[in-house]
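In what follows, a single structure is set out as structure tokens and then discussed.
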Amino acid sequence: MKHLLSIADLSKDEAIEVLDTAAELARLSEGTGKKFPTLRGRTVVNLFFEDSTRTRISFEAAAKRLSADVINFAAKGSSVSKGESLKDTALTLQAMGADAVVIRHGASGAAHQLAKQEWMKGVVINAGDGTHEHPTQALLDAFTIRRHLKENQGDLSGIKVGIIGDILHSRVARSNILLLKKLGAEVVLIAPPTLIPVGVAKWEVGVSYSLDDQIKSLDVVMALRVQKERMNDLYFPTEREYARGYGLTSERMKQMKTKSIVMHPGPMNRGLEISAESADSQRSVIVEQVANGVSVRMAVLYLTLGGATFKELASSGESL
Amino acid sequence: MSVILNSGEISRALRRISHEILEKNHGPENLLLLGIPTRGAYLSRRIAGAISEIEKINLESGTLDITMYRDDLRLKAPRTLLPTNIPGGSIDGRDVVLIDDVFFSGRTIRAALDALNELGRPKSVQLAVLIDRGHRELPIRADFVGKNIPTAKEESVRVHLSEIDSVDEVLIEGSSQ
């Protein structure tokens, strides 16, 4: 892997390699919190133009467990937007010797911009760009599903995943749909019509407007956060009405299959898309998703940065 | 390309190594066999099988992946991680025997010592290899050797094991003759 910009760039085999590597790393560091010397001397910059708790901390923890040096760069409050100023930031990071940049940006395509322009030599990892993609979240979700329903091996064939709620604004949903389908899972989107993007037919997934119709058949119930900060229009009448139609309540959970699991990428709006009892129930793997996030991000950092990088290989003339 | 050990010779060498491991450690009680994947893991399993047979016990064999500790990571594209599996969970206080197929520069074993260091504090660490081909670059030696084979540096030694290569044999290739 050269960069990780989008799930669309990954082959099925590459995706499974990330999951297998993460599984091995999770097993090795289980409970010990031990560090690997693998990325000693490499510098990872967390470049966050948008707020984030778990993704930034997760990348920081992952990089530190591999002994990399971590620099956190928060651009909150600055007037940075796309184009020239992102370029200047990139040039600065290049000058500081960043080997990898983990970027979160409000503009879709920011990570691509950083990688495709020759501003800096390092690896670029997309940690969420606008409403486009959030590939490491999709990988950690797939990892969590595989761990619970496929004994941590192979692909996700035979698994039916329902993604519920604000599909329209969700980069998590976009990356998840791409990855889940790549891994052979069946995906159904469940949301009010106003929160389903135009052109959804091209994604080749099921679409339903009723959670009650679908919930009995799902192996994975993935609730998405209602992204109030991105909602400039009225997408549903009231929060109570949304919760009644699409909220994951304990009544609905009783309808679920015996082995099925509840997921949420966080942060949760308790009482809106998921009730407090559901979030804290036995079926919920939401806290585990966070722990798995560290292993998956370690795997991504290892696979992009652990060996010789593409540029180093190109200059040494060795083949891949 | 020529065959330097055939199937019978490999199994006799492994049986002798099994006896030597038992003799040096005064029995199997505190032993922990760790094979270095890929082929070291299969050799380790065979040695564990032989020891179990000799001592009428059931000795498990484990694996130790050293990828994350290699000193040549930066020279190649990232490698796939292989499983690490420690029977009994801990290496603390045990007599660890590392098992690998070909012993060459010694760098693999140096990485394995680093990996062990992260896992705990064994009572002792010993090394068993099927082939010692010389050309050490580090001050490391083997305790148990199947066969010493003098080689030229540009030659390569290949170990084939029936578990993954369908035959048991050791080949040497790339010599100037």
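Results, tabulated for the structure shown:
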item	result
FRET E, pair A:Thr53, A:Lys259, Förster distance 35 Å, beta-carbon r, rounded to 0.05	0.70
Theoretical ellipticity at 222 nm over chain A - DSSP helices of four or more residues, -39500 (n - 2.57) apiece, nearest 500	-11000 deg cm²/dmol
Whole-Hz couplings from phi, Karplus 6.51/-1.76/1.60, listed for segment A:166-174; x for Gly and Pro	6, 5, 3, 9, 9, 6, 4, 4, 4
Nonlocal amide H pairs with A:Leu248, under 5 Å, H built at 1.01 Å	A:Ile274, A:Ser275
Per-residue HN-Hα couplings for segment A:240-249 [Karplus 6.51, -1.76, 1.60; θ = phi - 60°; Hz; x = Gly/Pro]	5, 5, 4, 4, 5, x, 10, x, 8, 9
Helix axis angle, A:54-65 relative to chain A longest principal axis, alpha carbon, degrees	40
Alpha-carbon centroids, segment B:76-90 and segment A:173-238: separation in whole Å	38
Histogram of C-alpha separations across segment A:6-151, 10 Å bin width, %	11, 38, 37, 13, 2
Longest to shortest principal axis, alpha-carbon extents of segment A:135-288, angstrom	43, 35, 27
For chain B, calculated [θ]222 nm from helices alone, where every DSSP H run of n ≥ 4 adds -39500 (n - 2.57)	-9500 deg cm²/dmol
Label-point gap, in nm, between A:Asp69 and A:Arg244 - each point 7 angstrom along Cα→Cβ	5.9
Interface area, B with A, accessible, probe 1.4 Å, both sides summed, Å² nearest 100	1700
5 angstrom amide H check on A:Asn72, placed H, neighbours 5+ away	A:Asn46
For segment A:250-266, Karplus couplings with θ = phi - 60° (6.51, -1.76, 1.60), whole Hz, Gly/Pro x	5, 4, 5, 4, 5, 7, 6, 4, 4, 9, 6, 10, 10, 10, 7, x, x
Under-5 Å amide H pairs with A:Phe36, H placed in peptide plane, nonlocal only	A:Leu66, A:Ser67
Within segment B:123-157, backbone nitrogen closer than 12 Å to the virtual label 7 Å beyond the Cα of B:Leu171 toward Cβ	B:156-157
Efficiency of FRET from Cβ geometry, B:Arg107 and A:Lys121, R₀ 30 Å, rounded to 0.05	0.60
Only Lys, Arg (+1) and Asp, Glu (-1) charged, at Cβ; the protein assembly as shown dipole about Cα centre in debye	620
About the Cα centre, charge dipole magnitude for segment A:135-288 (Lys/Arg +1, Asp/Glu -1 at Cβ), debye	260
Packing-based order for B:22-29, A:35-42, A:207-214, A:220-227, using average beta carbon neighbours within 10 Å, highest first	A:220-227, A:35-42, A:207-214, B:22-29
Residue (of A:Tyr209, A:Pro237, A:Gly271) at the positive-pole extreme of segment A:135-288, dipole from beta-carbon charges	A:Tyr209
Centre separation in Å (Cα based) which lies between segment B:94-119 and segment A:12-68	25
Ratio Rg/Rh [Cα only; Rh per Kirkwood] for segment A:1-40	1.07
Efficiency of FRET between B:Glu118 and B:Arg141 - r from beta-carbon atoms, R0 30 angstrom, step 0.05	0.85
Debye, to nearest 20: dipole size of segment A:8-64, +1 on Lys, Arg Cβ, -1 on Asp, Glu Cβ	440
Radius 10 Å from Cβ of A:Gly266, net charge of other residues (Lys, Arg +1; Asp, Glu -1)	+2
Share of Cα-Cα pairs in the protein assembly as shown lying beyond 45 Å, as whole percent	25
Surface accessible to a 1.4 Å probe, per residue, for the residues of segment A:135-288, Å²	44
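The values are calculated or read from the model by the stated rules, or taken from the named source; none is laboratory data. Bear in mind the structure is a predicted one, so any value in this text is a computation, not a measurement. Note: ideal-geometry Cβ built from the backbone for every residue, glycine included; neighbour counts use all protein chains shown. Ligands, DNA and RNA are stripped out before the accessible areas are found, and what is left, the full protein with its side chains, is counted by its heavy atoms. Shrake-Rupley method; radii C 1.70, N 1.55, O 1.52, S 1.80 Å.
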